[in-house]
Each structure stands twice: as C-alpha cells, then as structure tokens.
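J.: Supplied in structure tokens, the structure appears directly below.
The values are calculated or read from the model by the stated rules, or taken from the named source; none is laboratory data. The shown structure was predicted, so the numbers you read here are calculated from the model rather than taken from an experiment. Cβ coordinates were reconstructed from backbone atoms using ideal geometry, including for glycine residues, and neighbour counts include every protein chain displayed.
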Amino acid sequence: MRLYGIKPYKRMARWKKRHDLRRKPAPFNNLIKYSCPLRPNIAWVSDFTYLRHRSRNLYLATLMDLYTREVVGWHVSDRHTKELILHALLDAIRNQGFRLPQVVHSDQGSEYNCRDYLRFLDYLGVRISMSNKQSPWENGHQESFYNNFKTDLGLEFDRFQTTGELIEAIHKTIHYYNHRRIHTALRMPPVQFRHKYRQAHLDKSV
C-alpha cells in the first residue's frame with residue numbers, strides 16, 4: 001500500500017446536530033436492548049446517513065428488519081426532514097405487503113421525535129423504541145450497515161456525474177446487500193435468510 005500510495009479507508013464519526021444534543025431525552029425506552037426477535041416483522045431499526053456529493057449532502061434513510069437484517073425500506077432526499085423518515089417508513093410498509101412490525105427503533109434525532117412521525121406510528125399501533133442519547137451503539141445494526149454500505153458504494157461519490165446516477169448506485173448497492181452480500185451473522189444474504197425461514201415454517205405447517 002505504501003509503494004502505490006494507497007491509503008486505508010478511515011470510518012468517519014457520525015455527526016449530530018447541536019440542538020439534538022441539547023434537547024431533553026425523549027420519553028421512549030429502548031425496547032430492543034435485550035430482545036432477540038424470533039421471526040421477521042417483529043422489530044425494525046431505523047436511521048439515516050449523508051453522502052457528500054459535489055459540495056452538497058444527499059441523505060439516505062433506511063429501515064432494517066432486526067431478524068433478517070434485510071433493508072426493508074429506504075428513501076433519499078436532499079434534506080433531512082420528517083418527510084425523509086416518513087417516506088422510508090412508507091416504503092418499508094409497502095415492500096412488506098403492508099405487514100407492520102411490532103416495534104420501530106431509532107435514535108433520538110429531531111426527525112424521529114417530530115409530532116407527525118410519532119403520531120403516525122401511534123396510529124398504526126406500532127410501539128416506539130429509541131436509543132439513549134449519545135448512545136449510537138444502541139442502534140449498532142444500522143451503524144454497521146452504513147459503514148459497510150459506503151464502502152460497497154465506493155466512497156468517492158463525486159465520480160457520479162449527476163444525483164440521479166448516485167441514487168441509481170444506492171439502489172443497486174442496497175439490492176446487492178439484500179440479495180447477494182454474505183452477512184457475517186447470517187452466513188448468507190438477508191433475502192435468502194428470509195426465504196429459508198419462510199420455507200421452514202411452510203414445511204412445518206404441511
């Protein structure tokens with residue numbers, strides 16, 4: 001690496017807005033801290049990250065099924081607002097055939113603490129779970145996903161000439177993660193793990 005001037009990728013610390021750090025803790029407990037889902041659609045974990053592209057930030061929000069580790073929904077926007085989070089949630093609900101999880105977990109960012117998002121989850125009858133403030137390890141599955149996702153995407157985001165090209169690459173990378181990338185904990189891609197679970201339970205019902 002020294003011979004060819006290759007430098008290792010350094011994972012950057014996740015940024016947090018100052019007003020998020022000053023805000024009082026949300027009145028929601030971490031419901032997944034000691035849980036171990038035994039089937040899909042028990043708990044979804046949610047978060048968002050940013051991708052720096054040609055002097056602008058593009059924000060990616062995702063929801064992951066905690067059992068299958070599959071990214072069940074995602075959305076991209078040029079702003080980190082409640083709409084970014086809500087569109088990702090709606091995408092997950094559609095992709096899961098309108099089967100709702102019992103719990104949705106996130107950090108305590110202002111986007112997840114906004115009234116419309118909380119009311120929508122309450123309307124759906126989904127329980128709200130949140131990490132403690134300044135405790136990113138309590139949403140470690142999403143943190144780990146984003147680190148690997150950015151590596152798979154290629155890190156040099158300015159190589160994409162347009163935002164559309166970058167969004168297409170995001171779609172392909174998420175599809176690769178779900179369908180082809182061997183997950184360390186599962187020893188197979190998440191979608192294959194989900195199909196294996198369903199097949200096993202279909203065989204038991206025969």
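J.: Test each condition in (1) surrounded by 15 or more Cβ atoms within 10 Å (Cβ to Cβ); (2) out of contact with any Asp or Glu (no Cβ under 9 Å at 6 or more places or on another chain) for Gly109 and report the one that comes out false.
T.: Every condition holds for Gly109 apart from (2).
J.: Mind checking which residues of segment 1-30 are under 17 Å from the mean Cα position of the chain (by Cα) and at pLDDT 70 or above?
T.: Asn30
J.: For segment 122-145, does any single residue satisfy the condition of being out of contact with any helix residue (DSSP H, G or I) (no Cβ under 6 Å at 6 or more places or on another chain), surrounded by 15 or more Cβ atoms within 10 Å (Cβ to Cβ) and of a type in the set (A, V, I, L, M)?
T.: Yes - at least one qualifying residue is present in segment 122-145.
J.: Ok, one more. Does Tyr117 meet the test of being more than 15 Å from the chain's Cα centre (by Cα), buried (at least 17 other Cβ atoms within 10 Å of the Cβ), closer than 18 Å to Phe48 by Cα and among the aromatic types (Phe, Trp, Tyr)?
T.: Spelling it out, Tyr117 is indeed more than 15 Å from the chain's Cα centre (by Cα), buried (at least 17 other Cβ atoms within 10 Å of the Cβ), closer than 18 Å to Phe48 by Cα and among the aromatic types (Phe, Trp, Tyr).
J.: Let me ask something additional. Hey, among Tyr146, Tyr176, which residue is in contact with a Ser or Thr (Cβ under 8 Å, 6 or more places away or on another chain) and at pLDDT 90 or above?
T.: The unique qualifying residue is Tyr146.
J.: In segment 151-174, what residues are basic (Lys, Arg) and within 21 Å of Ala92 (Cβ to Cβ)?
T.: Lys172
J.: Any residue at all in segment 150-160 that's among the aliphatic types (A, V, I, L, M), surrounded by fewer than 16 Cβ atoms within 10 Å (Cβ to Cβ), over 16 Å from Leu58 (Cβ atoms) and at pLDDT below 95?
T.: no
J.: For His87, only one of the following conditions fails: (1) under 20 Å from Gly125 (Cα atoms); (2) in contact (Cβ under 8 Å) with a residue 40 or more places away in the chain; (3) not aromatic (Phe, Trp, Tyr). What is its number?
T.: (2)
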